[in-house]
1. If I ask for residues that are part of a loop (DSSP other than H, G, I, E, B) and modelled with pLDDT of 90 or more, which ones from the range 245-256 would you list?
2. Within the bounds of the range 263-272, is there any residue that is surrounded by 15 or more Cβ atoms within 10 Å (Cβ to Cβ), of a type in the set (A, V, I, L, M, F, W, C), under 25 Å from THR14 (Cβ atoms) and touching a strand residue (DSSP E or B) at 6+ places or on another chain (Cβ under 9 Å)?
3. Just give me the residues in the range 151-161 being among the basic types (Lys, Arg) and either in contact with a strand residue (DSSP E or B) (Cβ under 6 Å, 6 or more places away or on another chain) or not in a helix (DSSP H, G or I) (or both), in sequence order.
4. Among GLU241, GLU260, which is the only one that is of a type in the set (D, E, K, R), modelled with pLDDT of 90 or more, surrounded by 15 or more Cβ atoms within 10 Å (Cβ to Cβ) and under 15 Å from GLY60 (Cβ atoms)?
5. Among the residues of the range 152-174, which ones are modelled with pLDDT of 85 or more, surrounded by fewer than 19 Cβ atoms within 10 Å (Cβ to Cβ) and not aliphatic (A, V, I, L, M)?
6. Return the residues of the range 125-149 that are over 21 Å from LEU190 (Cβ atoms) and of a type in the set (D, E, K, R); say none if nothing qualifies.
7. Can you confirm whether the range 21-35 contains a residue that is buried (at least 18 other Cβ atoms within 10 Å of the Cβ) and either at pLDDT below 95 or hydrophobic (A, V, I, L, M, F, W, C) (or both)?
8. Identify all residues within the range 114-140 that are without any contact (Cβ under 8 Å) to a residue 24 or more places away in the chain and either among the basic types (Lys, Arg) or surrounded by 13 or more Cβ atoms within 10 Å (Cβ to Cβ) (or both); write none if there are none.
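The values are calculated or read from the model by the stated rules, or taken from the named source; none is laboratory data. Just so it is clear, the model here is predicted, and its values are computed rather than measured. Neighbour counts run over all protein chains shown; Cβ positions are idealised from the backbone, glycine included.
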Amino acid sequence: MLEAHHPFAVEVDTVSKSFLDGQRIPLLGRLRGSAPAKRVIAIDRVSLTVPRGEIYGILGANGSGKSTLIRLISTLLFPDQGELHVFGHDIIKEDLVVKRMINRVSVEAAFFRVLSPTENLMYAARMYGVDAQVARKRIVEILGQLGIDRRRLGEPLQKMSRGMQQKVAIARALLTSPVLLLLDEPTTGLDPRSKREVQQLVLRVRAEHNATVILTTHDLDEAERLCDRIAVLDQGRIVAEGTADELKRQPGLSADASLEDVFMALTGRPIEEEVEESVS
């Protein structure tokens, strides 16, 4: 298969994506005689290349465009301009091929909440053609690695905490052994111990399955701990890219600069700040 030999997991070439301002309703605006909805740029001529087997971080404040970029790579959105390839496959012309190679975890994971973790994951396994016996064994193994006790595997998800539900979402993504794993702020809302368990599992998946991982986060420690390279995204544009050490050598920074110092120097704002100019 092409994806087994292609050197790059993801190639993004001058991709842009914009949306109508979600704050306005065009029809209502016309009826009241107000200005029409404006178009807001979420991703602005972004280019990046992720080699196979890399953990690539996208660091940015909420609203910087991180989630939009992940949705573009996962074929949930198509770019307004530019090209995007996953293991050499065009995401528009070959979207079904791309979908079979990826899995995505986001902060708004969808489930059948009246069903248990096991039932949700077995459903996902059937959708991806994973053998039932293999799936059952993997479900127990992965959830155990994420710190979920076997005695809870039969409980309805609606009775579980948000952090526990997020762990199940991560397990669902790992169950199918994707060659490209897209993690959109996967540890948001998790306690420190659960966050560390997820991070360790991400590293293990890369090591054991040669998976490529793209991780969006505004957790600076997480980015430095997990990522081989990091892109800093600000208002839809990549303003810097490199290893954590390379980013810390930005002009004007001290020898003991942190990633927080880097982010402030590049964007002029703390990473926790909302970015109103972009849509993510």
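1. The initial filter retains those residues of the range 245-256 that are part of a loop (DSSP other than H, G, I, E, B), namely 249-256.
Result: ARG249, single match.
2. Checked the range 263-272: at least one residue is surrounded by 15 or more Cβ atoms within 10 Å (Cβ to Cβ), of a type in the set (A, V, I, L, M, F, W, C), under 25 Å from THR14 (Cβ atoms) and touching a strand residue (DSSP E or B) at 6+ places or on another chain (Cβ under 9 Å).
3. Result: no residue meets the conditions.
4. Result: GLU241 is the single residue among GLU241, GLU260 that is of a type in the set (D, E, K, R), modelled with pLDDT of 90 or more, surrounded by 15 or more Cβ atoms within 10 Å (Cβ to Cβ) and under 15 Å from GLY60 (Cβ atoms).
5. Passing the criteria: ARG152, GLY154, GLU155, PRO156, GLN158, LYS159.
6. Pass one, the range 125-149, residues over 21 Å from LEU190 (Cβ atoms): 125-138.
Within the range 125-149, ARG126, ASP131, ARG136, LYS137, ARG138 qualify.
7. Looking through the range 21-35, none of the residues is buried (at least 18 other Cβ atoms within 10 Å of the Cβ) and either at pLDDT below 95 or hydrophobic (A, V, I, L, M, F, W, C) (or both).
8. Filtering the range 114-140 down to residues without any contact (Cβ under 8 Å) to a residue 24 or more places away in the chain leaves 119, 122-123, 126-127, 129, 131-134, 136-137, 140.
Those that are without any contact (Cβ under 8 Å) to a residue 24 or more places away in the chain and either among the basic types (Lys, Arg) or surrounded by 13 or more Cβ atoms within 10 Å (Cβ to Cβ) (or both): GLU119, MET122, TYR123, ARG126, ARG136, LYS137, VAL140.
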